[in-house]
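The values are calculated or read from the model by the stated rules, or taken from the named source; none is laboratory data. Remember, predicted model here, so these are calculated numbers, not experimental data. Glycine gets a Cβ as well: all are built from the backbone with ideal geometry, and neighbour counts include every protein chain shown. These area figures cover heavy atoms from the full protein model, side chains too; ligands, DNA and RNA do not enter into them. Shrake-Rupley method; radii C 1.70, N 1.55, O 1.52, S 1.80 Å.
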Amino acid sequence: MPKHYRPAGKKKEGNAARYMTRSQALKSLQVNLNLFRRLCIVKGIFPREPKKKVKGNHHTYYHVKDIAFLQHEPLLEKFREIKTYQKKVLKAKSKKNEELARLLLTRQPTYKLDRLIRERYPTFPDALRDLDDCLTMVHLFAVLPASDREKLEVKRVHNCRRLSHEWQAYVSRTHSLRKVFVSVKGIYYQAEVEGQKITWLTPHAIQQVFTNDVDFSVLLTFLEFYETLLAFTNFKLYHSLNVKYPPILDSRLEALAADLYALSRYIDASSRGMTVEPKVDSSSSSQSNDREESELRLAQLQHQLPSSEPGALMHLVADNNEEVEEDEETRACKSLFKDLKFFLSREVPRESLLFVLPAFGGMVSWEGEGAPFKEDDECITHHIIDKPSAGHMYLSREYVQPQWIYDSVNARIILPTEKYLVGRIPPPHLSPFVDNEAEGYVPDYAETIKRLQAAARNEVLPLPGVGAGDLEDPQNLLYAGVMSRTEEAEAARNKKKMATLEKQYHEELKMEITGTSADDLPVEEEGEEGEEEDPEAAIKQVANDEDTRSKLSMSNKKRKLYEAMKMGLEKKNEGVKLIEERKRKLKKAQQ
């Protein structure tokens with residue numbers, strides 16, 4: 001019998017014991033595929049990639065411990081109970097007992113995901129760290145139309161829109177927004193909340209269309225979990241500002257689609273302690289309920305905050321929550337658009353600008369009902385417009401394109417408005433998420449912004465290749481230039497000398513072997529001796545020799561890694577050359 005023989009039916013070992021396929025997991029849990037997917041999504045369990053796939057490459061593998069983790073999930077029994085209850089409803093409908101079916105639907109069991117949020121995110125920073133996909137998904141469904149075919153209800157779309165506006169109102173209130181970039185896919189935002197950088201994508205405000213190549217049932221399962229996660233996050237963040245959650249909004253502003261403005265007013269009023277507890281007579285106290293109490297509080301809030309209050313949205317600039325210590329970057333963001341009043345035209349992205357401008361200290365209004373101030377307000381400094389207007393033009397304000405707002409936010413300075421005037425082609429919109437120095441190519445407009453930032457800080461930028469210490473002592477520049485030329489010439493002379501000595505040594509060896517004398521050797525022409533090699537070529541040759549010598553001392557693994565790094569650098573340089581060539585052709589075509 002072989003040493004490692006294992007009889008059939010005995011305990012498995014290795015990957016066969018640690019992993020199982022999806023069909024084996026379904027059989028173990030006794031659930032169908034849809035229910036298994038829902039469980040994996042809400043529990044945060046994903047497929048694994050074992051080193052050796054026992055059943056073949058065409059299978060999906062899960063860890064045995066993950067499946068055992070699902071077997072003891074109370075939610076699994078709740079899903080089975082709901083499925084059994086739905087069979088009762090179908091049975092009543094098939095018997096045409098409409099009254100019983102209606103009664104059963106009113107008593108249908110439900111479930112909550114509160115325990116799973118606490119289980120997956122033990123601390124609040126853990127939840128913030130995993131908020132990128134959550135915010136992107138919620139903002140996506142907030143602009144989708146309701147559809148019976150995809151089982152997307154109107155109530156769910158409104159809930160996503162409410163959660164997204166609550167998040168934006170908090171970020172705007174605390175001045176946590178850091179970067180904004182407008183792309184073809186949508187608008188990218190990055191905020192820093194409690195030390196965590198959170199990046200999300202919001203779609204453009206255009207008509208969204210459902211596609212047939214997307215499984216919306218899976219997306220809706222993710223959305224179900226993300227709605228609960230974002231609601232818990234908003235609850236925690238609003239309580240950190242001493243603001244009650246969920247907020248009570250002005251119904252008139254909600255009807256005018258000014259939810260973000262209504263939320264900002266509510267947060268501002270709550271942080272100032274303006275809300276008053278409802279007063280109810282003792283005779284009617286026994287008959288009052290929660291709905292009447294909330295309506296009374298809403299009425300009082302509306303009387304305390306008139307909708308025509310100028311700059312009510314922008315009271316966010318005056319941060320009254322002094323318990324929270326602001327860092328330097330937050331103070332810079334808070335005062336970027338300080339004492340500036342903006343008016344938005346109809347064609348600009350209103351929701352995006354209503355979110356960005358208050359986050360950086362600006363005061364905003366728009367064209368329509370419920371706006372804080374009108375278009376003819378003489379205190380307006382900037383009019384955001386995207387196309388030439390045939391109406392009345394005010395000389396006391398500047399008419400700029402929306403890109404000026406985003407570029408100024410990313411640069412942290414108020415850029416000159418000459419290039420952003422209405423009717424002109426604006427400069428390129430640079431991404432703040434790209435490190436130009438690491439990419440090896442710095443656009444011209446990035447250099448211009450860098451000079452403007454240095455001028456705003458009263459600094460003097462050195463020339464390329466010049467350090468700050470060289471500006472204090474200009475003799476350092478000359479000395480460095482002389483020394484570099486001296487070193488290059490010395491390296492070239494040393495290389496030439498070594499080549500001459502090596503050649504002389506080989507000639508002497510040849511003379512000893514052949515028995516010839518020095519007089520028999522051919523005389524070299526003076527012109528060939530007097531020729532000097534190019535110093536740059538000599539330096540390149542020395543560098544190549546050093547590179548070859550160092551590669552010989554490397555191991556095979558390090559040599560391959562070194563070659564891969566060189567290929568990456570060469571590819572990056574080719575991309576930079578291609579961009580420069582396109583830029584050169586574009587300038588030539590413009591001339």
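Summary table
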{"read-out": "Answer residue from region 208-247, given it is open to solvent by 80 Å² or more (accessible area, probe 1.4 Å) and in contact with a Lys or Arg (Cβ under 9 Å, 6 or more places away or on another chain) and is modelled with the highest pLDDT among those", "value": "PHE232"}
{"read-out": "Tabulated pairs, region 45-61, first within 30 Å of LEU116 (Cβ to Cβ), second outside any loop (DSSP other than H, G, I, E, B) and open to solvent by 70 Å² or more (accessible area, probe 1.4 Å), C-beta under 6 angstrom, 6+ apart or interchain", "value": "THR60/ARG22; TYR61/ARG48"}
{"read-out": "Condition broken by SER431, with the remaining ones in (1) in contact with a helix residue (DSSP H, G or I) (Cβ under 6 Å, 6 or more places away or on another chain); (2) open to solvent by less than 40 Å² (accessible area, probe 1.4 Å) satisfied", "value": "(1)"}
{"read-out": "Qualifying positions in region 559-573 - surrounded by 12 or more Cβ atoms within 10 Å (Cβ to Cβ) and either under 29 Å from the mean Cα position of the chain (by Cα) or farther than 22 Å from GLU439 by Cβ (or both)", "value": "ARG559, LYS572, ASN573"}
{"read-out": "Residue in region 143-152 that is in contact with a helix residue (DSSP H, G or I) (Cβ under 7 Å, 6 or more places away or on another chain), without any contact (Cβ under 8 Å) to a residue 40 or more places away in the chain and assigned to a helix (DSSP H, G or I) present", "value": "no"}
{"read-out": "Unmet requirement for ASN159, which otherwise passes all of (1) part of a helix (DSSP H, G or I); (2) more than 28 Å from ASP213 (Cβ to Cβ); (3) open to solvent by 20 Å² or more (accessible area, probe 1.4 Å); (4) at pLDDT 90 or above", "value": "(2)"}
{"read-out": "Residue list for region 363-377, restricted to those being outside any loop (DSSP other than H, G, I, E, B) and either of a type in the set (Ser, Thr, Tyr) or surrounded by fewer than 20 Cβ atoms within 10 Å (Cβ to Cβ) (or both)", "value": "SER365"}
{"read-out": "Flag if ALA92 is outside the structural domain of LYS43 (by TED's automatic domain parsing), within 30 Å of LEU354 (Cβ to Cβ) and surrounded by 14 or more Cβ atoms within 10 Å (Cβ to Cβ)", "value": "no"}
{"read-out": "Test: VAL422 is of a type outside the set (Lys, Arg), open to solvent by less than 20 Å² (accessible area, probe 1.4 Å) and in contact (Cβ under 8 Å) with a residue 12 or more places away in the chain", "value": "no"}
{"read-out": "Filter result (open to solvent by 20 Å² or more (accessible area, probe 1.4 Å) and either closer than 20 Å to LYS43 by Cβ or of a type in the set (Ser, Thr, Tyr) (or both)) within region 125-146", "value": "ASP126, ARG129, ASP130, ASP132, ASP133, THR136, MET137"}
{"read-out": "Output for region 29-57, where each listed residue is assigned to a loop (DSSP other than H, G, I, E, B) and among the aromatic types (Phe, Trp, Tyr)", "value": "PHE46"}
{"read-out": "Residue selected from region 113-142 under the condition of a type in the set (Phe, Trp, Tyr) and part of a helix (DSSP H, G or I), by the criterion nearest to LEU237 (Cα to Cα)", "value": "PHE124"}
{"read-out": "Search result, residues across region 58-112 that are in contact with a strand residue (DSSP E or B) (Cβ under 7 Å, 6 or more places away or on another chain) and part of a helix (DSSP H, G or I)", "value": "VAL64, ILE67"}
{"read-out": "Every residue from region 390-419 that is open to solvent by 10 Å² or more (accessible area, probe 1.4 Å) and assigned to a strand (DSSP E or B)", "value": "GLU398, TYR399"}
{"read-out": "Test: residue in region 171-181 that is within 26 Å of HIS429 (Cβ to Cβ), of a type in the set (A, V, I, L, M, F, W, C) and not in a strand (DSSP E or B)", "value": "yes"}
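Listed here are the residues, each with its yes/no results for (1) within 29 Å of VAL442 (Cα to Cα); (2) at pLDDT below 75; (3) touching a Gly at 6+ places or on another chain (Cβ under 7 Å); (4) in a helix (DSSP H, G or I).
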position	(1), (2), (3), (4)
LYS540	yes, yes, no, yes
GLU546	no, yes, no, yes
LYS551	no, yes, no, yes
MET554	no, no, no, no
MET565	yes, no, no, yes
GLU581	yes, no, no, yes
LEU586	yes, no, no, yes
